[in-house]
Amino acid sequence: MPVELRYEKCCLTALLSGEIDHHSAAFLRGEIDAALARLHPPLLCLDFDGVTFMDSSAVGLVMGRYKYLRGFDGALEVVNLSPAAYRMMRLSNLQSLAKLAQKQPEKREKVQP
Amino acid sequence: MSKTKHTLLNQMKLELDSHSVNESFARAAVAAFAAQLDPTVEELTEIKTAVSEAVTNCIVHGYPACCGKITIWAGIYHGGQFRVWVKDRGVGIADIAQARQPLFTTLSEERAGLGFAVMESFMDRIKVRSKPGGGTTVTLEKEIRGRAQ
Ligand SMILES: Nc1ncnc2c1ncn2[C@@H]1O[C@H](COP(=O)(O)OP(=O)(O)O)[C@@H](O)[C@H]1O
Ligand SMILES: [Mg+2]
């Protein structure tokens, strides 16, 4: 499963994994939005820990969820971003709309060959 | 610059149908070809991401009504210079300068408008040739310093 959804303590967490591009983003959007529509969580946390690749389609996915959340005053957090992912998120100025957190360096080394 | 610096040492060419399922294949193929330069993990990620942006643009913008051919060429030059071009024969771009602006997009469906910005930030050079009705060719260049450095 490229996304696992958990809801606890008023926070919906989406554990994303694999490669996020224009092709795979449509499925992820559908899964996350179905949960958002059902729960209207005060906080959505998008966890990129398991993401092995992303392009700007993932930035579009994050921006889209931000706009959706704004409809019911939900907040957004994006965590465990790789250095490249963090650079791309910042190109869209997302850091002014949501909390962005990079992956811890020791965690990063594990996934690199 | 010396002449040997521009000597083409190796090249590959690929033709694909513009199906979105091919996005991952296209970037993986170019990355596998670039691997002979012994790039760092970071350099390889940058190439993969830039190629993914260019190929996705052919699929979503070049051939909005599906389907056409995408041609990808990659070359390795003396001195670790890596060049890729990605070409479609689709609708083309009327105003290239505007298209390259960060956050500019002509599609409403959750495009971030960052494709060109990412290609520019992850590669050393990018060139866009396009004409309305005449398709688009994006050329990307990067010097691979590699893991030996
Ligand atoms: N291959 C192409 N064919 C036609 N138009 C293109 C192509 N590539 C890019 N464009 C135009 O340039 C704009 C910006 O592209 P980009 O920066 O990748 O952002 P996005 O793909 O998110 O729209 C697109 O919205 C589109 O209008
Ligand atoms: Mg794009």
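For residues that are free of Cβ contacts under 8 Å to residues at least 60 places away in the same chain and in contact with a Gly (Cβ under 7 Å, 6 or more places away or on another chain), scanning just region B:76-89, find the one that is surrounded by the most Cβ atoms within 10 Å (Cβ to Cβ).
Among those residues, the one meeting the criterion is B:LYS87.
Of all residues in region B:91-149, which are closer than 19 Å to B:LYS69 by Cα and open to solvent by 50 Å² or more (accessible area, probe 1.4 Å)?
B:VAL91, B:ARG129, B:LYS131, B:PRO132, B:GLY133
How many residues, within region B:44-61, are open to solvent by 10 Å² or more (accessible area, probe 1.4 Å), facing chain A (nearest Cβ under 9 Å) and in contact with a strand residue (DSSP E or B) (Cβ under 9 Å, 6 or more places away or on another chain)?
Selection size over region B:44-61: 4.
Could you check region B:62-75 and list, in sequence order, the residues that are open to solvent by 10 Å² or more (accessible area, probe 1.4 Å) and either near ligand 1 (Cβ under 10 Å from one of its atoms) or in contact with a Leu (Cβ under 6 Å, 6 or more places away or on another chain) (or both)?
B:TYR63, B:PRO64
Restricting to region B:91-144, what's the tally of residues that are part of a helix (DSSP H, G or I), more than 11 Å from ligand 2 (Cβ to nearest atom) and in contact with a helix residue (DSSP H, G or I) (Cβ under 8 Å, 6 or more places away or on another chain)?
2
Within region B:31-54, work out how many residues are free of Cβ contacts under 8 Å to residues at least 60 places away in the same chain and touching a Leu at 6+ places or on another chain (Cβ under 8 Å).
Number of matching residues: 2.
Exactly one condition in (1) within 14 Å of chain B (Cβ to nearest Cβ); (2) assigned to a loop (DSSP other than H, G, I, E, B) is false for A:ILE32; which is it?
A:ILE32 satisfies all of (1) within 14 Å of chain B (Cβ to nearest Cβ); (2) assigned to a loop (DSSP other than H, G, I, E, B) except (2).
Among the residues of region B:110-133, is there at least one that is at negative phi, near ligand 1 (Cβ under 8 Å from one of its atoms) and at pLDDT below 95?
yes
Given the conditions (1) within 13 Å of chain A (Cβ to nearest Cβ); (2) within 13 Å of ligand 2 (Cβ to nearest atom); (3) surrounded by fewer than 21 Cβ atoms within 10 Å (Cβ to Cβ), which single one is not true for B:VAL41?
(2)
When region A:1-41 is examined, which residues are found to be more than 29 Å from B:ALA50 (Cα to Cα), open to solvent by less than 70 Å² (accessible area, probe 1.4 Å) and hydrophobic (A, V, I, L, M, F, W, C)?
Across region A:1-41, the qualifying residues are A:LEU5, A:CYS11, A:LEU12, A:ALA34, A:ALA35, A:LEU36, A:ALA37, A:LEU39.
Taking region A:75-92 as the region of interest, how many residues are facing chain B (nearest Cβ under 7 Å) and among the β-branched types (Val, Ile, Thr)?
Residues flagged as facing chain B (nearest Cβ under 7 Å) and among the β-branched types (Val, Ile, Thr) within region A:75-92 amount to 0.
Consider A:ASP55 carefully, then state whether it is free of Cβ contacts under 8 Å to residues at least 60 places away in the same chain and farther than 16 Å from A:CYS11 by Cβ.
yes
Take region B:75-90 and flag every residue that is outside any strand (DSSP E or B) and within 16 Å of ligand 2 (Cβ to nearest atom).
Passing the criteria: only B:GLY90.
The values are calculated or read from the model by the stated rules, or taken from the named source; none is laboratory data. Just so we're clear, the structure is a prediction, and the values are computed from it rather than from any experiment. Note that we place each Cβ from the backbone using ideal geometry, even for glycine, and neighbour counts take in every protein chain shown. Only protein heavy atoms, including side chains, enter the accessible area calculation; ligands, DNA and RNA are left aside. Shrake-Rupley method; radii C 1.70, N 1.55, O 1.52, S 1.80 Å.
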